[in-house]
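As structure tokens, the structure follows; a few thoughts come after it.
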Amino acid sequence: MYFDFLVKIPENTGRITTNKKKDTTYIEYTYEREYLPEKKYTKARRTTIGKMSKADPTMMQPNHNFVKFFPEVALPDLKSVTTRSSCLRSGSFIVLKKIMNEYGLPHILGQYFDNDEVGLFLDLAIYSIVCENNAGQYYPDYAYNHPLLTEGMRLYSDAKVSRFLNSITDDQIAGFLNSWNEARDHREKIYISYDSTNKNCQAGDIRMVEYGHAKDHKGLPIFNYSIAYDTKNKVPLFYEEYPGSIVDVSQLQFMLKKAQGYGYRKVGFILDRGYFCKENIQYMDKCGYDFVIMVKGKASLVNQLVFENKGTFESKRAHFIKGYQTYGKTIKRKLYVTDKNDRYFHVFHKISKESSERQVIEAKIERMASFLEKQKGKVVEIGDSYRKYFEIFMNHKTNVFVMAREKADVIERELELGGYFVIITSKKMSAGEALNLYKSRDSSEKLFRGDKTYLGNKSIRVHTDESASAKILIEFVALIVRSKVYTLLKDEKARIEKNPNYMTVPAALKELEKIEMIRHMDNVYRLDHAITARQKTILKAFGVNDDYVKYRVNRISEQLINANTKGESINGENEEDDFD
């Protein structure tokens, strides 16, 4: 929360630093330096005290932290200072709050958190969706010009956010996940897409952070994060966080036990190639779970299947799968020698995939040949990746590289495999059904992409285990809501004859942010202008019309008037908030 006046930036040498975020420069104050003997360096503890003026770089817009650390500075009468923007961006808030209510999220969270904590929790989730950021220090900027779910729409500082994150317990997290999954319909047959990623950790001594195989490699320790996603109802079910050194294939069996614990029995699992191994297949059989799993493209099993069936289906119209421009064929056989069950191997071929893969292979061979040509006459060690495609000739006495010759049979065999892929299912189905099921995991993959790209969660910026777990829970709730936004926009876009580019989640939210409430001289907030045609199209996807927006705007204005009457935003007296 920033005041609407300027003060001189303090001249405390060594304590004042700047931190530029997009087009805003934040002024930070180092209030303490702590020596960490085990790490043998001094750690600076900083807090934001203001925002640099764009007109005058010697001035800044202060916040309450400035008042705390610089009490000697004369300020205007704080009672007359406006603590909330006169322009509130309300469109995205109205839509996201509606989705939260439809999922019953306030009620579920209310079983484990106090009422005002529920509001702050959901505000943080909305903040991460709208601002594509998870940094607590910038939450006050969002709160300043948006409606809120806290009691009386109370504005909280980044320090309050930090304390709240640290206060969330494992029992509250487990309680929410139990209640969320208990509310799902366990009677229907669903397929759960399970996928994982990892996140860098920029600071703090977090228990689960270890060095591992990072997907976004920055030389930082990581932790793994996976989500189970209901592909039928298009909703995340539960998540896991585990140490960064654990590989995906070994974590799957632990996830299956959790699925049983949450009461899922009539389910199948859609898995990426990273989870394919004999032990995992046997464990899913033991649990009675069906599976749909992609097999690594260069596995010997795939090669054998492709060459056995090559030329028998690639241009047969009976094997054509509409919607994917792909041909597929199903073969029943055992997965391994001691396998007791029949499996269904679906072999696919796609011409466009073949073309792109052949281009990649040809380019790779050309790059390798060019590199080897430059090494002639040099003492050099040629790696196995080159020896796979080239016969290497060396002068063994001098260890000088002489020449290389292509292994034509190896290259030709790899080219012949271009465009083919294999999906294995435990249940009998057609190749088209198998491909449809596997493609349904696209939503969960987009969910992960949204998590890292659009929720600002490539890294976790916390210092304790408690706050790390809390941020992950808030992030999971944000993913539940954002997944619904994605699904509704996608469905509405399919009904529209045109192909508007504003029906993506980021573009739609940006457009909804333009629906603004303006405070007038009587201190009443009113809708600034009529809803545009583009905004109406977006709102229709969420079952919202002009009248609903006007009602919610009036309701927000009433809440703010009531809060100001009771002095809520100043001294924090309680007022019952409505989540309806």
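Every read-out reported here was derived from the displayed coordinates using simple, explicitly stated rules and does not represent laboratory data. Worth saying up front: this structure is predicted, and the values here are computed from it rather than measured. Cβ coordinates were reconstructed from backbone atoms using ideal geometry, including for glycine residues, and neighbour counts include every protein chain displayed.
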Calculate for the chain the 222 nm mean residue ellipticity that helices alone would give, adding -39,500 (n - 2.57) per DSSP H run of length 4 or more and normalising by residue count, nearest 500 deg cm²/dmol.
-12500 deg cm²/dmol
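Tally Lys and Arg at +1 and Asp and Glu at -1 over the other residues with C-beta under 15 Å from the C-beta of ARG184: what net charge comes out? If you can, show how the numbers build up before the last one.
Values: positive: ARG187, LYS189, LYS232, LYS234, LYS258, ARG265, LYS266, LYS484; negative: GLU102, GLU182, ASP185, GLU188, ASP230.
Residues near ARG184 contribute +3 overall.
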Would you list the membrane-span-like helices of the chain, meaning whole DSSP H runs whose alpha-carbon atoms span at least 15 Å along their axis and whose mean Kyte-Doolittle value is at least 0.5?
115-131
Computed about the Cα centre, the charge dipole of the chain from +1 Lys/Arg and -1 Asp/Glu charges at the Cβ has a magnitude in debye, to the nearest 20, of 2400 debye
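How much length would be gained if the chain were fully extended between TYR502 and ALA530, taking 0.36 nm per residue of separation minus their Cα-Cα distance, in nm to one decimal? List each step's numbers first, then the result.
Details: separation 28, 0.36 × 28 = 10.08 nm, distance 1.87 nm.
So the extension gain works out to 8.2 nm.
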Report the local net charge at LEU509: Lys and Arg +1, Asp and Glu -1, summed over other residues whose C-beta lies under 11 Å from its C-beta.
+1
Too long for a 24 Å Cα-Cα cut-off, among LYS234/LYS286; LYS257/LYS340; LYS257/LYS490; LYS21/LYS490, are LYS234/LYS286; LYS257/LYS490; LYS21/LYS490
Normalised by the number of residues in the chain, what is the relative contact order in percent for Cα pairs under 8 Å and 6+ residues apart?
17 percent
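Using a ≥ b ≥ c from the Cα gyration tensor of the chain (square roots of the eigenvalues), is it rounded, prolate or oblate, where a/c under 1.5 gives rounded and otherwise the larger of a/b and b/c decides, a/b for prolate? All intermediate terms of the calculation are to be shown ahead of the outcome.
Working: a/c = 2.14, a/b = 1.58, b/c = 1.36.
In terms of gyration-tensor shape, prolate.
In Å³ and rounded to a whole number, note down the convex hull volume per residue for the Cα atoms of the range 118-175. Display every interim value, and only then the final one.
Working: hull volume 4.9 nm³, N = 58.
Considering the Cα atoms of the range 118-175, their hull volume per residue is 84 Å³.
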